[in-house]
Amino acid sequence: MATEQQSGEALSESRRSGPYASAVNWMEALSETQFAYLLLTPALILLGVIALYPLATTFSMSLFADQLTGSARLGEFVGLQNYIDLITGARDFALPSAFLPTFTTQFPFVTDIYSSALMVTLIFTVFSVLFETLIGFGQALILDQDFRGRRWVRVAIIIPWAVPIVIQGMIWYLMFQPNIGFLVGTTDNPALLNQLGFIGTTPLRDTADSLFLIIVADVWKTSAFMALLILAGMQSIDRSLYDVAKVAGASRWQQFKLITFPLILPTVLVAMLFRTIDAMRVYGIIETMAGCQTVPSLSCLVVTTFNAPLYGTSATVAFITAGIIGIVVSVYIVNFASEGI
Amino acid sequence: MSNESSGIGLGSDDAEMKRGPLGRWVNKAIKNPDRAYRSMFYVATVFFLVTTLFPFYWLLVIALTPNRLISNMGLLPKGFNPEVFITMFERVPFHLYMFNSFVLGITTTVIVLLLASLAGYVFGRLRFPGKSFLMLGILAISYFPPAAFLIPLFELFTGNTAISIGFITVSSPDLFNTPAPMVFPFSALFLPLSIFILTTFYGQIPDGLEDAARVEGTTRLGALFRVIVPLSAPGVATAGVLTFIAVYNEFFFSFLMNNGEASSWAPIVAGILKYQGQFDTPYNLMAAASIVGVLPVAILVIIAQERIVSGLTAGALKE
Amino acid sequence: MGDVKLEHVSKHYDDVTAVDDMNLDINDGEFICLVGPSGCGKSTTMEMIAGLTIPSEGKVFIGDREVTNLPPKDRGVAMVFQNIALFPHMDVYDNISFGLRLRNYDKEEIERRVNRAADVVQLEGMLERMPDEMSGGQRQRVAIARAIVRNPGVFLMDEPLANLDAKLRVHMRTELQRLHKELDTTIIYVTHDQAEAMTMSDRIAVIDSGQLQQIDPPLVCYNEPANLFVAGFIGSPSMNFLDGEVTEDGFVSQNIDVEFDPANLGVEVGRDVTLGIRPEDVYLIEDEHLVTNPSHEIDAMTDVLEPMGDEIFVYLKLEEDAETHLDEDAVATNDQLLMSVAPDTDIEEDKDVSVLLDRSKVHLFDTETGKAISHGIESGIQASEPTGTEAESDD
């Protein structure tokens, strides 16, 4: 038996030669920490080249003036002047759309809300996240029930989430392009939505109307995402808690209020955080439905100034957007922390 | 008034008759709240089904109606024109754009799964200094808007970035209108989600199995690919499906990192937008192309819905 | 080929020391049990032999090779795990042949070896089953077959029977002993169950707090424990301990005195010592004729009786209001004594009795260091010094 073992070991020993084998042996000899960093290297290189390097470059570009003539990309070093100009509105004259709204002394103290990239983005974010959460919650409550055909209802509710943004835009463009369908009428023959004052007769040319429709389109697509996350949270709740509540005589509403809601709240807040980050970068749906001229979001402003080409300004807007997202994330995290989640 | 007071004497039968069918229903519902909940449930279900599915139906209505007849459409198509699904390919080579989307999606998915498998193994199973810092860093990167990466990446992939190695300075290769300017940003963009999903799955494989594989003769990497990955097949499938859908749906880089021609690897974003802006606006073709473009992901969702749900749970909520 | 040696091996995790300066010398073909309470470092020791953990200090040898930093695959060891660790995505045949396939053995050779291994563990006809279609015992056999199929120089078993039910565990114990006889390979077996260690092994290595306490054949560990820990850990129920002092007349404690001549044992008067006596070495006064070297009478009161069938455990109170501690911790209680008597003994709870100790079975330990001073106090087998690490190697 001992001889057999020796021959077996010898067999494998003899195969252990050549560069491949020495690479294998070298890797096996690494400590756990070295091995961990070795395996992370490809991912870190990718993220370094595609994310960190561009971020650093974008930041440094934002410190230079725009160069409108000549072959150079950027003008002279201006430090934080781009940021100051943008925040004070001094740069607005050069931009396709203003960064900030115009402030006034009279109530409501701001005008030109819809031509301000910041305001458009914030309005979009607040309303879309709010309604996506509410509707997603409703959808999750339904999907949490056991009923026949649940599988297909679930597919139906998820599918909008899987629709490519460009097709999402196309769908809503085809629904609200004047004269195509019953949703938008003419001045002589207004449709229901026109009569109710939700939208005008050329909604995709009007900033307020377009913003409203873009929010609706986004809610249509993304509520499903919220629903899935909330559903996952609901299904991780221990079912025996409900049995305890039932035995104690709690009604369905009380079960929801006392068990489901508090246990699901952390999940909902995390889901809202993810959605908020995403909503702050809205671009594709605007570009396909109404165009960046009509609804200037922050990401739109980055692209339009980039195409202008106002590289310094574009980089500054991009970094301010990142900063605003950072602030929003911190607000959420501070609130999480204060609620002890 | 006297009538009412006497009504009590007449018994509840009479009162119920007076209230009519709705009143009777309300009455029953109050007596039996489960009934009310069931009805609310059905109403809500139907409402959500209608609102999520109506836009798809509208696409079908527009697609089947000949373009010249598209105006003031009601709920039904005016005419029946299935040839639109052939015409759309004649007008724009949409199949090529879809092919490009598939190639981009699959290439990205393969890269992401490979890198995320290694990283997920490291984060899920190894102990080493700097672990939580690195995980937070990777999460933080996904907070930045794609716009913040745009200019340098555009420069990098159009060959306008100079790379200095010692005294030698070379400019980056011009990769514009190849898959590279899309595949790499996609991979970086969607890598974090897959890393988090696979970290969760790989972390759940019992240590004994990895140890057994290593004692039996595998290397550490061998144990990962022979035992841990096969056992985490559901997690890998989830990460793959989510990555593919995300790439297929992506807009920003898909739109900006190519010249919009099918021969330059532009994905369906460009294909859909290509119908617009010619001499007419062929609404029916746009609708038809949208339907065809949605089909692959719709089928994927139908097949993989369980995986998607479990993956989002694992990836998004465990942080 | 199959001898294993650890030289001054330690393993530190952050600020915890799991294994502290361990020296082990295991002979080829030996069945060694590493035994100790959970968290004592026995599993870490085994992982360092397997190569799954790299020692912080010290060297590991298998055969005549130093393997301290070699990966597990190059060590020629096989291992059976507590959670059995069969690959759930492979059938029995693929599980058993996993290691052979990795080493590129040819097909017929693999088949021949798998069939023979399956034969040894009596798994014929089950090679195509998946692990989740098998019972716990069958899975454990597959795990053993997977280990023996490669003819490893050393077999490592990490609590392989811990997850089986009691009946199957006893059965598998016998099977493992049969297997050891058949294969004649070194087996290093980790367990927290001292009974398992006692019944199966050639030698027992008792480990506590990362340190080797004693390595000796089972009966030596039982009869001549090197220190208080080993004395308390080996044997069930545990040895009785009484704290006391050495005087001119022998051992004196709160309730029990045992006379001996301190000069004979070489202990100085006034030293704090702990007396240890196993329950079976405590006798009722009626059974005095069974004892060659009795102590004088001790008055006690019976408390709880635990009839076990083949014997009865009697908890004796040495003081009126003493409380009975039914735990098995090896702590000196002083006011209580556990005695084991024959099952037909006429004994009742809460009765006054007189008992005596077999003086040739009394152990004395230094209370402070825990080291054994003497095993038996008349003729006095003096405890070897120092015990454990260097002083063994008997067979």
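Two numbers describe the Cα atoms of the stretch C:37-85: Rg and Dmax, which are 11.3, 31 Å. Working note: 222 nm ellipticity from helices only, DSSP H runs with n ≥ 4, each -39,500 (n - 2.57), summed and divided by the residues of chain C, gives -6500 deg cm²/dmol to the nearest 500. Note on B:F128 and B:V50: their simple-model spin labels are 5.7 nm apart, each label 7 Å out from Cα toward Cβ.
Label reach from C:Q254 (point 7 Å along Cα→C-beta): in the stretch C:291-314, amide nitrogens under 18 Å belong to C:298-304.
Extension gain, C:M301 to C:D344, is 13.6 nm, computed as 0.36 nm per intervening residue step minus the present C-alpha separation. A helix-only calculation puts chain B at -23000 deg cm²/dmol for mean residue ellipticity at 222 nm, using -39500 (n - 2.57) for each DSSP H run of at least four residues, averaged over all residues. For the stretch C:202-208, the Karplus equation 6.51 cos²θ - 1.76 cosθ + 1.60, evaluated at θ = phi - 60°, returns couplings of 6, 9, 10, 9, 8, 10, 9 Hz by residue, with Gly and Pro reported as x. Per-residue ellipticity at 222 nm from helix content only, as computed over chain A with -39500 (n - 2.57) for each DSSP H run of at least four residues, stands at -20500 deg cm²/dmol. Backbone amide hydrogens, once placed in the peptide plane, bring C:I207 within less than 5 Å of C:V35, C:G36, C:Q213, excluding anything fewer than 5 places away on its chain.
Counting only lysines at least 8 places from B:K78 when in the same chain, those with an alpha carbon closer than 27 Å to its own are B:K274. Normalising by residue count, the protein assembly as shown has a Cα convex hull of 315 Å³ per residue.
Sorted largest first, the principal axis extents computed over the alpha-carbon atoms of chain B equal 106, 65, 35 Å. Each other residue within a Cβ distance under 13 Å of B:T65 adds +1 if Lys or Arg and -1 if Asp or Glu, for a net charge of +1. With a Förster radius of 22 Å, plug the Cβ-Cβ distance of C:D119 and C:T174 into 1/(1 + (r/R0)^6) and report the FRET value to the nearest 0.05. Approximately 0.80, to the nearest 0.05.
The Cα atoms of the stretch A:116-297 cover 61, 34, 27 Å along the three principal axes, with the biggest extent listed first.
Axis angle, to the nearest 10 degrees, between helix B:147-157 and the longest C-alpha principal axis of chain B: 40 degrees. In this rough spin-label picture, where each label sits 7 Å from Cα along the Cβ direction, the B:E83-C:S56 distance is 8.3 nm.
Scan the stretch A:122-155 for trypsin sites (Lys or Arg not before Pro) in coil per DSSP, keeping those whose Cβ has at most 11 other Cβ atoms within 10 Å, and list them by number.
Hits after loop and neighbour filter: A:R148.
Rounded to 0.05, the FRET efficiency of the A:A308 and A:D144 pair, given R0 = 56 Å and the Cβ-Cβ distance, is 0.70.
As an equivalent ellipsoid, chain C spans semi-axes of 45, 25, 16 angstrom, where each value is the square root of five times an eigenvalue of the C-alpha gyration tensor, largest first.
Each label point was placed 7 Å from the Cα along the Cα-to-Cβ direction; for C:S135 and C:D310 their separation is 2.4 nm. Annotation note: GluC sites (Glu not before Pro) in the stretch C:253-308 located in DSSP loop regions with a Cβ neighbour count of at most 16 within 10 Å are C:E268, C:E297.
Taking a straight Cα-Cα cut-off under 14 Å and skipping sequence neighbours fewer than 8 places away in the same chain, the aspartates and glutamates within cross-link reach of B:K28 are B:D13, B:E16. When you work out D = kT/(6 pi eta Rh) for the stretch C:4-229 at 10 °C and 1.306 mPa s, using the Kirkwood radius from C-alpha pairs as Rh and the Stokes-Einstein form, the result is 88 µm²/s.
Looking at the stretch B:124-188, the trypsin sites (Lys or Arg not before Pro) that sit in a DSSP loop and have at most 14 other Cβ atoms within 10 Å of their own Cβ are B:R127.
Largest mean-square fluctuation among B:N160, B:N72, B:N81, in a Gaussian network model of chain B whose springs join Cα atoms under 10 Å apart, belongs to B:N72. Hey, in the GNM for chain C with a 10 angstrom Cα cutoff, which one of C:N223, C:N255, C:N104 fluctuates hardest? Between C:N223, C:N255, C:N104, it is C:N104 that shows the largest mean-square fluctuation.
Name the shape class, rounded, prolate or oblate, that the alpha-carbon gyration tensor gives for the stretch B:55-185, where a ≥ b ≥ c are the square roots of its eigenvalues, rounded holds for a/c under 1.5, and otherwise prolate holds if a/b is larger than b/c and oblate otherwise.
Prolate, since a/c reaches 1.5 and a/b exceeds b/c.
Shielding of peptide C:74-85 by partners, expressed as the average count of other chain Cβ atoms within 10 Å per residue Cβ, is 5.
Most mobile of C:H89, C:H296, C:H363 per a Gaussian network model of chain C (Cα springs, under 10 Å)? Of C:H89, C:H296, C:H363, the most mobile in the Gaussian network model is C:H89. Assuming R0 = 35 Å, what is the FRET efficiency of C:S38 and A:V155, from their Cβ-Cβ distance, to the nearest 0.05? Plugging the Cβ-Cβ distance into 1/(1 + (r/R0)^6) gives 0.10.
Readers should treat all values here as calculations from the given coordinates under stated rules, not as data from a laboratory. In this text the structure is predicted, and so the values were computed from the model without any measurement. For neighbour counting, all protein chains shown are included, and Cβ atoms are generated from backbone atoms with ideal geometry for every residue, glycine included.
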